[in-house]
Structures are given as C-alpha cells and as structure tokens.
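Inspection log for the structure reproduced underneath, given as structure tokens.
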Amino acid sequence: MASILLAVSLAPCTTTAQAAVPPEARPGEPSRIEFNRDIRPILSDNCFACHGFDGKKRKAELRLDTPEGAFAIRDGTQAIKPGDPAQSEAWHRVASTDADEMMPPPKSNKQLTAAEQLLLKRWIEEGAAYQPHWAFLPPHKDTPPEPAIPARAANPIDRFVQARLAREGLAPAPEADRLTLIRRVTLDLTGLPPTPPQIKAFLNDPAPGAYERLVDRLLATRDYAERRTQDWLDLARYADTRGFADDRPRPIWPYRDWVIRALDGNMPFDRFTIEQLAGDLLPAATDEQRLATGFHRNAPQARGQTYPVEEYRLKGVTDRVNTTAKVWLGLTMECAECHDHKFDPISQRDYYSLFAIFNNIEHQGSGMGQGGPTMPYPPPPGATTTGKPVAVPVMRELPAPRETFIHLRGNFLNRGDQVGPAAPAVLVAAGEPQPRNRLDFARWLVDGRNPLVARVVVNRFWQSYFGHGLVRTPDDFGAQGTLPTHPGLLDWLATEFVESGWDMKHINRLIVTSATYRQSARISAALGERDPHNLLLARMQRVRLPAEQIRDQALAISGLLQPFTGGPPVFPPQPDRYWEDRDLPGKWAKSTGHDLYRKSLYTYWRRMALHPTMELLDGPARVVCTVKRNLSNLPTQALVTLNAPVFVDSAKHLARRLLAEAPDDPGLRLELAFQLCLARPPDATERDRFLSFLDTQVIRYAKAPAPDLAAWQSVATVLLNLDETITRP
Amino acid sequence: MTPPLQPCSSAALTRRAFLGRSAGGIGSLALASLLNDRAFAEQGSLPGLHHAAKAKRVIFLFMAGGPSHIDLFDPKPKLNELDGKAIPQELLKDHQQFALIRGTPNLKGSPYAFQHHGRSGTVLSELLPHLAGVADELTVIRSMHTDTNVHDPGVNFMNCGTLLGDRPTLGSWLSYGLGSVNEDLPAYIVLTSGVSDGQPLLQSFWGNGFLDSRHAGVPFRNSGPPVLHLDNPDGITSGDRRRELDLLQWMNQRQHQTLGDPEIAARIASYELAFRMQACVPQLAELDGEPDKILDLYGADRVKPSFARNCLMARRLVERGVRFVQLYDRGWDSHSDIDREHKRQCAAADRPIAALIADLKQRGLLDDTLVLWGGEFGRTPVAQVMGRTWGRDHHPHGFTMWMAGGGMQPGLTYGNTDEFGYHSVENKVHVHDLHATILHLMGIDHKRLTFRSQGRDFRLTDVHGEVVKDILA
C-alpha cells in the first residue's frame, strides 16, 4: 500500500534556480572538470534512476554512479573509458540521435543539453575522475581567502563571500544604514521590533563596536531563545495535539519549555542532540534529560481504533527515522523506506537498520488516553490548570529490543530480512564500531566526525537570516540536492561550529556580525537581472516575517504584548465554531486577560486545524518535520492583517499609545508611530502625505465619539500593514 | 462558445479609480503594468498548453465517505441472486482486510431498482431520479480502483495521488500550471456541506504541498461570510478602507521604487485582490441576481447552507472564471444503515447535481466545464450488519465515478467490475489514470507538468497514469 508513496519520478528535469550562476570552484584549483560540481548533477538527473544505486531498478546491469561500474569491460566494451570518449559506449549513446540507441531513451522525456554533452565529453577526456558525493566527505577548513576589500571584511565569512564576488566581477552592496541594521538584527534575533529607547541608544553610541555590542545584548535575551525555539519546533514537529483524525490534546508543552531553557543557556549542540534523542538512556538521567526526549514523542500518534495498531506504531517509528535523518543528516531517508534510494547510497537495509535504533520504544497506540510513556511535570505556579502534575510524553526503552525486519515495498506485513541497529553504511568508516542503540547513535551523530551534521545545522542557521541556506535544499544534502553556493564558507562554518564546542550562539553571532549580513537589501536593476535569487550574496535579502512575528510585532508595537515565558498553551480568539465547522472534537478554551496577548509561540498548535491567523500566514501544521516554511503572498493574508481582531486591537491600542505617549502634535505623534513600526522617522514627503490623510480622517470621523482616536487608528492600520512593516529589512 | 465572464463590476470600477489616482502621483511603469487587467490574472508556470484544451475549468463533486456503486450505478444481478450467501473465497485473495468488517461476511445485493435512461440508455438506480433527466450528459466509469480503504489517505489519494497529504492537490497543480483567469477571486475554491459522520475535512485535501501556497485551495466557509475577516472592522466603510489602501499602496510603491524587490509588487497586487474580494465575495454569497426559478431548480435556499446551495455557488464561481471548484459533501460513509443514509444523501444531492448540469448546459458552460463526481472509494458488495440494519464497508477494488461536459464522451458507460461488483476487471481505470485524463482535458500532458522539490521532479501522477482515450469525445 505504501509502495507508490515514494517511487521516483521519471519526469523531465526542470531548470533549477541555480542555473544562472555556476557553482563555485574551490580557490586554488585549476579550472578542470570536477565530478561533483560538473558531472554528478548531469548523471543524477538523467542516468541514475536506471543506472544508479538502486539494484532492483538497474537496467542492463550497468551502473554509472561508481567508477567500478562505469569502467567495467563487458562484452569487449566499456561504458566509460577514461581519456577516450570515442571508445566510451556511454558517450556514444548520449551523442546518438538514433531513437533505438540514444540515451536517455526518448520515452524518458529526458535529454542532455549541448552544454551538458560537452561537459561529459571533456570529463571523459580528462580521465573521468570520480569523487564521492561532496557531502559525504568531511568538511575541510580552508584558510579564508585574502579579503578583496579588507575594510568590508568583518570576519572570515566576508572573505569567502568577497572572493566569490571578485571572481564574478561584482562588489558587495554598501552597508545598510544604522536604522535598518537595528531593525533587521533585532527582528532576526528576538522576533520583536526594537523599541524607541533601544534605537536611540544605538544611534547615540559612536564608539567602534556599537553594532557588536547591540548583537551581544540581543543574544543574551530570553526573546532570542524563544525565537530560535520557534525554528526548532518546526523541525521537532511540535504541536499540542496528537494528529490524525481525532487529533486529541497532548500535554507536551513542558518539552517546548525545555527547548527554550536549553537555548537560553546556549547548551552546546552535541549535548542538545544527545539529550533530545536519548536523554532517557544517559547514566543517571535527570528529569530534565528525560523531558528532552519529548522531541521524538512529537510524532503523530493515532488513536488506533479502526487501524491495525501495529501499523500505526510503525508509522511513528518511520516518522522518527525520517525526522532524525532530515534534522541531523539533511537526507531524504524516506525514499529508502520502500526501495534502495535512487540517488544516494542509502539502501533499504540502511533504512531499516536505523529503524531498528528507534524501534524499541514503549508504545501504546490503541484506545483512548493511552499515549505511551510519560513523566510527571509540576504545573507552573498560578497556571489555570487543575494543579495536578502534567503527564508529559517522553521516551522509554523496552527492556528487550523488538525484532526489526525490512518491510518489502514499505509494507509492514511483507517482511524481508531481519536487521540489527546500525547507522547508514556510507557514513561509517570501515572498522569503526557501529552505534547499537539510541544513545550510541546520538553520540555518533555529534562526535565531530560525521560529515553532514555540522554542515546541515549551520546551513539552517544561515537560512534563518538570509531566507535561504548556502545549500538551497536544506532538507537534501544528497545527490539530488543543490550544491552549496559557497562550499568553502559552508565547510569553514561547519568546522568552526565543531571546534567551538558546538557553540550555537557563536555561529549565529558570526553570521549576524558579518559585513555580508549588514549589506543593503536594495536590488539594482543590473543585479536583479544578473543574480535574481541572490546566490552570490552581493546584497542582503528582504524576508517576509514568519506568521508568529507578524502577530507578535503588531502586539509589541501597540504595547499589548505580554512578556511571560513558557507554560501551557494559550487560546487567543479564533472565529466562532472554527473547529465545530470542521467536525473536530474539542472546544477552543478562549483565553482571557494576559493570555490574550502572549507570544504566538504559546498559541495552542492544533495539527488538524491550526489557529487561522497562523495558518493563513503560512505557519506549518507540523504534521511532519518542516525544514523550510512556505512564504506566500496571498489576498487572504491581507484580510488577516487588515481585519482580524488581534490586528484591529493592535491598531486601536497603537492609536491610544500615540495619543498618550507623544505630545499633542500630529507631527510628533507621526514620528513616534514611524519609530515604533519602522524604526525610522518619516521623510518630508511621507510626513505631508500622512498628515493630510490624518486631516481627512479627522473630518471623516468628526461625528464619532473620539475623532482623533479614530483617525489615528486609521493611520495605525496603514502602518501595521505596510510591506515594510511585515518584512524583515 | 463560452459566454463572457461575469465581472464583479464594483471592484472593476474601484480598480480603475485606483489606477486613475495612482497615475498622477507615482508613474511607476512596472506598477502600472502590474495593475492592468491581464496582470491581475496570475500567469501559470506553463509557457503554453501542451495541446488544445477541451475543458477550461473543473467542478469536482466529492462525495466524502464513499458512495455505494452497487446501489447507485452498477447493478449486479448475480449479486442479487446470491444475496445472503457467504462471499466466495476467491474474491478475498490478494487484498487488504476490510476496514471494519471482521470474519467472513455475506454477499448483499442492492434493494434498489435500476433502469435505462435517455437515448444513451445509461443505467441508474431509483435513488437518482433527477440525474436520470441528464443521463445523456454523463460518462459513467464503472471500473475505478484505488489504493486504500481508509478515509483520509483515500481522500488524499484522490486529490494528490499519494496517501499522505504532503503533495499538491489536483486543483493546486492546475492553478500552478495554468494560472488564474479571474481577477477578483482565487483560482481554486473549496465548498463543504453535508452531515458529520465523524470524518473531518483536512487541510491536506486542498493543500498545495510543495507548491507556493498561493496555489492552495481557499476553503469558503459554508455559513456566514465565505472568507475569514472579509468584513471591515466596525465603523470602517469600504470608502474608508479604500482611502487607507491608497495611502498604504502609495507607501508600498515608493518602497518598491527604492528597493526594487518584486515581492513588494506582488504584495500590492495581493492587497488589491483582497479589496476586490471584499466586494465580490459577499455578492457571490448572497446569490444576488439569482431568480427564484433557478433557486427552485437546484432546491437551494438563499441563505441556509446546503449541498444544493453549494452547487449553485459552484456555477456562479465557474461563471466568474474560477479554475477549480471542489464541493465536499459529507455523510456517505454508510456502514450501519445504508438505506436511511444513502436515501438521505441522494435526496440532498440528486436534484442539485442534475440542476447544475442542466444549468451549465443552458448557459453554454458545460462544453468547457468538466464536472466530476465520486468519493474516495466505493462500498463493499458484502453487508456490514449492525443489529437490525445493515450497511456496507469501504471498498477500493472497484467502484464508480462519472464525469460530464468538458470534452468527455456523453452518454457512455465505460468499464466493468466483476459479477459481484467487487474487482474492477474490464477497462480498469486507476486514480492516476483519472488524473492523467483530467489534465489531458485541460490541455496538459501529465508527464510534463512537474515541480522540482527535495531534489527530484514531482508530478501529480508520480510515475504512473495513462490517459483514458476511450472516454474522450
């Protein structure tokens, strides 16, 4: 039944966003054809589906993904004869126009372009040197190149970026102005806008290092931890319900608070990993360490009423394997659930060996209220709960491991060989001990020798600030993923991460203090034409705020935001009968008081019906691990920020705030409004236009009980909806 | 000939007014072109159609829960003859267990009479008297089969070709490939009705998967305003909002000129579409301008939510150029009392469906509008006995769907199940084949509408699907 889920498409290739800008060559290397950069993508797109790693789908018993396969002499011919295209059958077939012999065959709808054919020919001429896939080789810490513009190189990041720009004949964009910088970095690091006093302090700090001091202040805030927690919860597929049709509540918020505490204390990433994957197996595990294992109890869990219980237990294990592979290895392991991976050296045996590691957890999938192992967690003081401890789902290992079998074609009833626990073979050097349980495996991930983990993690950090990673497929570092735009930089950051003792704040600080991050985001016509996707980083990228920050910012600007951290989820108003209309059980427990205006991080996250403000603004339902969110631009979103109650409340309170906090002068009030929303004053043209709008509105609302307030609310509505406001500059 | 699209006239006027105001102040060429009529209609990703399209829009009438082919479209004399006998063992070979039935159930014939209708002689059950009146318009496929007998994965499969709801749905693919022709409404709209049978409607049923979320289906609510937050806050008139938007867009345009970010231009267009939806959607929802005789034809109330009202809404939406309209009608999951439940469902759905087809036809819309009817699977030819009543369990191996209009061969009954109505045996049509055929009718080669995600090219039909040429006009 599941076999069709993951079969690989034979559809033709679309051009990728990368096409306009070729991947970077390593500095110092001659400009010869490089397998990973130039050839592997061609073979992977066009040939590997039939001549690759998957033995079952292999045609003519030919594989082109290894030199042994490609160079083998069979019936007197070689698919590839190094140095000699004329004697290479593969080249002959690719160049052929005869429908019976050309490769790829016409029915595949694939064809090599003339340029690709030329590359392939040159590669064979130059000796057809293969390389292992780049991401499976250990990162190499090159010395950062000499900066092209030393004055604009704040740290090694810039030296890599500048070197690339220089080769392309481009220069970095000028530094953004201070007002843009403080709004940019404050929104990025804390999820909140800078306040007028913070802006003033920054502007009035003429000493060198003012920006770095600002960054250090922000990194030390609890807001920073909460903002990074939000990203981690997307990966952890954290939600307050169990998923599937009945979607019952699951009191796992203490795990969310664990993440906040861990990130607030800058827990090293190796410990952060080990405690979440296997905290329960640590010697003398503390309550905190057991709580951390809630990470993998976020897997959706069916009530198991109409489904075979075992099938749905296994779905949970599958989810744990796939999530782990995505979050730490950046691999699409799920392809190997049903068959050997078509593109990456991950066999179905590898998949089920990793499965065996996660297959020994106590589970009760059937019947109401039986949710598997839990631990008691004290309710927060003053919380409006019963005062009883919360039973938080955590991991607990069975005393004796379950047997694990390969599920042929992904069907659990169709058992293949029995397998034992192991990490994917391609990632374990010959002679190295194999991890045998979750704790071994977690330690193995972060022992500093895994080629993927540090790269995958720093790439996601990069993505949080630039909108895209250095590898633009943050969930696929395999052969079908895109190559890094700046491989030297990615490797430098990855090794720096490990050498710093897996210091997450250190890497985040490096990124936001780089001159690359501080560039202006203006897109000149020439640059827009040359590099529309900003692969070269010759400018900063504007990014629309995530759902949570659009709401939180409006609350912060208006002064409504309540700063409390942690605790049970809250229920800010949603439309009446929102769940009932979808026939979902349960009732929205309308919050009151402070809980109306808590950060969106604490909004009750229901998988099957997310709060509509979050859903409409692209908040993920978190049914599965989300590595990158959609960022859409829809009319239904405009209606949210124009008309949804929380935004109307914010506009009203912002108007009150302007009347209360600024002197009785429209110009000064407008100054404050601009400061709060945009962290900048209005220019003269804007000032004139807004003040004349204000005059019109005061006349329009002359008969209203409070004409001034109504008119300023109108101004506030405009300001809260500006593209400039809802976009990180 | 397609009649001209129905505009939302007040919105069109407002847009002209907005352009008139903007022209003096700003004069940004890019934005002027952005705000002209064509540009508001989203361009699709395909540079052109792969071949001439027979259908320009789709109405998918989704009978959620799984209607019984045995009792509606696929009479089985042998089954009636063997009513009450144990199911032959050979039928149970190579197939999944029943969803809810345990043990070996007995065959159950249909208690309903079937008759030939129209010139085509299309066979329909007595539960569908109104549909009989448009029998000659239908192309009935009796040989459908799918991959699961579980509801949510089944609905996902019928919409996105995979069991997990993680891929784009048919409507999203069409929006992505062909874009939108309407400037006042989204390209893909979902309407819901029916009685609750415990099966919630999930976002994934109209999800965009890895496609940009502007291609997601926009669910219209079935009561109250169809779109959330459509109403301005208390005390804010449309004129007030327009003034606010004028200032807002003026600011956005300046920002666009300064920074050159194309997302700002897209945001300006979004806010304008939102404003036009505020004018257009309530007008749609209030059924303004529909004469009583049309409401009577459908059996719809002007206000009260119903499947009938949704059918009328569907016509109003396709009339306005909406590309893909999907109606979910719930309550077809008849495990325990099929006589009561299927009669109830047919009573609510039969007349409006016939009315929809007749109404589309009389307006000249049926020629290029594809109407599609079916559920996530059919129901078992064996009984699920629940005390004194009986029903049928979920059945994926053979079931019926029908299509009408939009390039289908009218009056055709295609394919067959075995003599029990159990397995699809003749001219089998898999869900992937159905998808390939629908895309074909829309002018798309299903193998060439792809999207690259996570390192490979995805398509609606995955690596499967054949266009069912025999059923095309």
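Here residue B:229 passes the criteria (1) on the phi < 0 side of the Ramachandran plot; (2) modelled with pLDDT of 90 or more; (3) at the interface with chain A (Cβ under 7 Å from one of its Cβ atoms) except the one numbered (1).
Give the residue, chosen from A:469, A:448, A:431, A:481, that is assigned to a loop (DSSP other than H, G, I, E, B), within 26 Å of residue A:217 (Cα to Cα) and of a type in the set (Gly, Ala, Ser).
Numbers: A:448 fails: within 26 Å of residue A:217 (Cα to Cα); A:431 fails: within 26 Å of residue A:217 (Cα to Cα); A:481 fails: within 26 Å of residue A:217 (Cα to Cα).
None of the other options fit; the residue is A:469.
Could you please find all residues in the stretch A:593-609 being of a type outside the set (Ser, Thr, Tyr) and within 19 Å of the chain's Cα centre (by Cα)? Steps first, please.
Taking the stretch A:593-609 first, the residues of a type outside the set (Ser, Thr, Tyr) are A:593-596, A:598-599, A:601, A:605-609.
Scanning the stretch A:593-609 gives A:601, A:605, A:607.
From the list A:521, A:479, the one residue that fits, being modelled with pLDDT of 95 or more and among the aliphatic types (A, V, I, L, M), is A:521. Every test in (1) at pLDDT 95 or above; (2) part of a helix (DSSP H, G or I); (3) surrounded by fewer than 21 Cβ atoms within 10 Å (Cβ to Cβ) is passed by residue B:91 save one, and that test is (1). Taken over the stretch B:112-134, the criterion of being assigned to a strand (DSSP E or B) and small (Gly, Ala, Ser) is satisfied by B:125 alone.
Kindly indicate whether residue A:626 is touching a residue at least 60 places away in the same chain (Cβ under 8 Å), within 14 Å of chain B (Cβ to nearest Cβ) and not in a loop (DSSP other than H, G, I, E, B). First the steps, then the outcome.
Values: touching a residue at least 60 places away in the same chain (Cβ under 8 Å): yes; within 14 Å of chain B (Cβ to nearest Cβ): yes; not in a loop (DSSP other than H, G, I, E, B): no.
No.
Considering only the stretch B:372-473, give the strands (runs of 3 or more DSSP E) lying wholly within it that have at least 1 residues that are under 21 Å from residue B:333 (Cα atoms) and at pLDDT 95 or above. Break it down stepwise before answering.
Details: elements: B:378-386, B:389-395, B:399-404, B:412-414, B:424-426, B:451-453, B:456-458.
Where strands (runs of 3 or more DSSP E) fall fully within the stretch B:372-473 and carry at least 1 residues being under 21 Å from residue B:333 (Cα atoms) and at pLDDT 95 or above, they are B:378-386, B:389-395, B:399-404, B:424-426.
Candidates A:601, A:616: the one that is at pLDDT below 95, hydrophobic (A, V, I, L, M, F, W, C), touching a Ser or Thr at 6+ places or on another chain (Cβ under 7 Å) and under 30 Å from residue A:656 (Cβ atoms) is A:616. Quick check on the stretch A:603-615. Is at least one of its residues more than 30 Å from residue A:330 (Cα to Cα), facing chain B (nearest Cβ under 9 Å) and surrounded by fewer than 22 Cβ atoms within 10 Å (Cβ to Cβ)? Scanning the stretch A:603-615, I find at least one residue that is more than 30 Å from residue A:330 (Cα to Cα), facing chain B (nearest Cβ under 9 Å) and surrounded by fewer than 22 Cβ atoms within 10 Å (Cβ to Cβ), so the answer is yes.
Only one entry in B:329, B:301, B:350, B:261 is more than 30 Å from residue A:520 (Cβ to Cβ), of a type in the set (Asp, Glu) and more than 19 Å from the chain's Cα centre (by Cα), namely B:301.
Scanning the stretch B:106-122 finds no residues that are touching a Phe, Trp or Tyr at 6+ places or on another chain (Cβ under 7 Å), among the polar types (S, T, N, Q) and at pLDDT below 95. Taken together, the residues in the stretch B:282-316 that are modelled with pLDDT of 90 or more and buried (at least 18 other Cβ atoms within 10 Å of the Cβ) amount to 15. Might you let me know whether the stretch B:135-146 holds any residue that is more than 21 Å from the chain's Cα centre (by Cα), surrounded by fewer than 21 Cβ atoms within 10 Å (Cβ to Cβ) and assigned to a loop (DSSP other than H, G, I, E, B)? No.
Applying the condition of being at pLDDT below 90 and more than 7 Å from every other protein chain (Cβ to nearest Cβ) to the stretch B:236-275 and asking which residue is nearest to residue B:186 (Cα to Cα) yields B:269.
Taking the stretch B:142-182 as the search range and keeping residues that are within 12 Å of chain A (Cβ to nearest Cβ) and more than 21 Å from residue B:211 (Cβ to Cβ), which one is modelled with the highest pLDDT? Filtering the stretch B:142-182 for residues that are within 12 Å of chain A (Cβ to nearest Cβ) and more than 21 Å from residue B:211 (Cβ to Cβ), the one modelled with the highest pLDDT comes out as B:146.
Taking residue B:232, is it within 20 Å of residue B:324 (Cβ to Cβ) and under 34 Å from the mean Cα position of the chain (by Cα)?
When the stated conditions are applied, residue B:232 does not pass them.
Within the stretch A:581-593, at least one residue is part of a helix (DSSP H, G or I) and within 12 Å of chain B (Cβ to nearest Cβ). A search for C-beta distances below 9 Å between a residue of the stretch A:649-665 that is surrounded by 19 or more Cβ atoms within 10 Å (Cβ to Cβ) and any residue that is among the basic types (Lys, Arg) and in a helix (DSSP H, G or I), counting only pairs 6+ apart in sequence or on different chains, returns A:650/A:551; A:658/A:669. Which ones in the stretch A:113-146 are over 18 Å from residue A:47 (Cβ atoms) and part of a helix (DSSP H, G or I)? Correct list: A:125, A:134, A:135, A:136.
Being over 23 Å from residue A:176 (Cα atoms) and within 14 Å of chain B (Cβ to nearest Cβ) is true for just one of A:474, A:451, A:435. Which residue is that? Walk me through how you get there before you give the answer.
Working: A:451 fails: within 14 Å of chain B (Cβ to nearest Cβ); A:435 fails: within 14 Å of chain B (Cβ to nearest Cβ).
Sole residue among the options that is over 23 Å from residue A:176 (Cα atoms) and within 14 Å of chain B (Cβ to nearest Cβ): A:474.
Identification of helices (runs of 4 or more DSSP H) wholly contained in the stretch A:638-729 with 2 or more residues that are more than 10 Å from chain B (Cβ to nearest Cβ) yields A:645-661, A:666-678, A:684-700, A:707-721. Scanning the stretch A:175-197 for residues that are outside any loop (DSSP other than H, G, I, E, B) and of a type in the set (A, V, I, L, M) returns A:179, A:181, A:182, A:185, A:187, A:189.
Answer with yes or no whether residue A:236 is in contact with a Gly (Cβ under 9 Å, 6 or more places away or on another chain) and among the aliphatic types (A, V, I, L, M). The answer is yes for residue A:236. Here residue A:459 fulfils each of the conditions (1) surrounded by fewer than 23 Cβ atoms within 10 Å (Cβ to Cβ); (2) in contact (Cβ under 8 Å) with a residue 40 or more places away in the chain; (3) part of a helix (DSSP H, G or I) apart from (1).
Here's the yes/no breakdown for (1) of a type outside the set (A, V, I, L, M); (2) under 23 Å from the mean Cα position of the chain (by Cα); (3) surrounded by 23 or more Cβ atoms within 10 Å (Cβ to Cβ):
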position	(1), (2), (3)
A:319	yes, yes, no
A:328	yes, yes, no
A:336	no, yes, yes
A:349	yes, no, no
A:352	yes, no, yes
A:361	no, no, yes
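Counting only residues that are within 27 Å of the chain's Cα centre (by Cα) and without any contact (Cβ under 8 Å) to a residue 40 or more places away in the chain, how many does the stretch A:280-294 have? Of the residues in that region, 3 qualify. Only a single item in (1) assigned to a helix (DSSP H, G or I); (2) within 28 Å of residue B:225 (Cα to Cα) is not met by residue A:632, and it is number (1).
The values are calculated or read from the model by the stated rules, or taken from the named source; none is laboratory data. On a predicted model such as this, the values are computed, not experimentally measured, just so you know. Reconstructed Cβ throughout: ideal geometry from the backbone, glycine too, with neighbour counts over all protein chains shown.
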